[in-house]
Amino acid sequence: MSSTFVTLAEVLEARGGPLLEEEIWSLLLGAAECLMDVSYKNNMCSIISPTSLLLSATGTLAFKNCGLSDEVSAFAAPEMLQDRAGSTKPATDRQMLVYSLGMTLYWSVDFQLPQNQPVQLSDHLNSILLSMCEDLAHRRVNLTSILEACESQHKASNLLPPTKVVRQLVEEVFHESMDGSLPDSNIPLSGRSQMIRERLHSEYAFSF
C-alpha cells in the first residue's frame, strides 16, 4: 500500500462533496512545500489539476506530468494559454504552478456545490486562493508567502499536519473501494472549471 497513489479527483468523487477548510489548508501547505522542492526541476509539469495532484497512502503529495489539453486547460495559467512558454525562468514557472494549484483547490471546495451556493471558506483562505488565481502573473502571491501563511495558520489553529490529512483522504477512497463503489476516475473537469472561473471573477469584482 505504501506506493499507492490516488488523485484528488478520486478523493472528491469518493466523498461526494467538497473538501473542508482545514483540509484545504493542509493540502495547500503540503503542495507548496513540495513545489518549493521540485519547481527547479526541468521535468516538473506546468499544470496542476485534480487528476494530476496525487495523494499517497504514506501521506505524501506528488504531481503527475500532464500536457496542455482541453480537459486541463481551465487549470492552466492565462500566460500559458497565450503561448508565452518561451519564457522558462523558474520564477515564471512557479507562478504558473501557483495559479493552477489555486484553481485546483478552489475546484475542491466547490465540488458538487449548487451554482448559487457560495463556497464555505474563511475570508483569509479565500483571499489567498483568489490571489493565487490572479490572471496577471506579477499580481499572484508567491510560494514563499503561501508557505508563511499556511505555517502561521497551522500554528494559530492547531491544524493537523499535511501528512495526516493526506492519509485520511486516501483512506476515504480505499474505504469506498472496499464497499465496491470505486470512484469514477473520468470526472469531467472542463465544464465545472469554467463555472469556477466565473465565480472567481465575481469574487474579484466584490473584493475591489
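The values are calculated or read from the model by the stated rules, or taken from the named source; none is laboratory data. If you're wondering where the values come from, they're calculated on a predicted model, not measured in any experiment. Positions of Cβ are generated from backbone atoms using ideal geometry, with glycine treated the same way; all protein chains shown enter the neighbour counts. These area figures cover heavy atoms from the full protein model, side chains too; ligands, DNA and RNA do not enter into them. Shrake-Rupley method; radii C 1.70, N 1.55, O 1.52, S 1.80 Å.
Here are the numbers for this structure:
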item: Some residue of the range 154-168 being under 13 Å from the mean Cα position of the chain (by Cα) and modelled with pLDDT under 95; result: no
item: Top-ranked residue of the range 134-158 - restricted to ones that are more than 21 Å from residue 62 (Cα to Cα) and part of a loop (DSSP other than H, G, I, E, B), ranked as most open to solvent (accessible area, probe 1.4 Å); result: 158
item: Matching residues in the range 135-160 - criterion: being of a type in the set (Asp, Glu), touching a helix residue (DSSP H, G or I) at 6+ places or on another chain (Cβ under 8 Å) and without any contact (Cβ under 8 Å) to a residue 60 or more places away in the chain; result: 135
item: Where residue 107 falls short, out of the listed (1) within 17 Å of residue 23 (Cβ to Cβ); (2) open to solvent by 20 Å² or more (accessible area, probe 1.4 Å); result: (2)
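Every residue, every condition in (1) within 13 Å of residue 97 (Cβ to Cβ); (2) assigned to a helix (DSSP H, G or I); (3) modelled with pLDDT of 95 or more, yes or no:
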residue	(1), (2), (3)
1	no, no, no
23	no, yes, yes
29	no, yes, yes
42	no, no, no
46	yes, no, no
50	no, no, no
55	no, no, yes
62	no, no, no
70	no, no, no
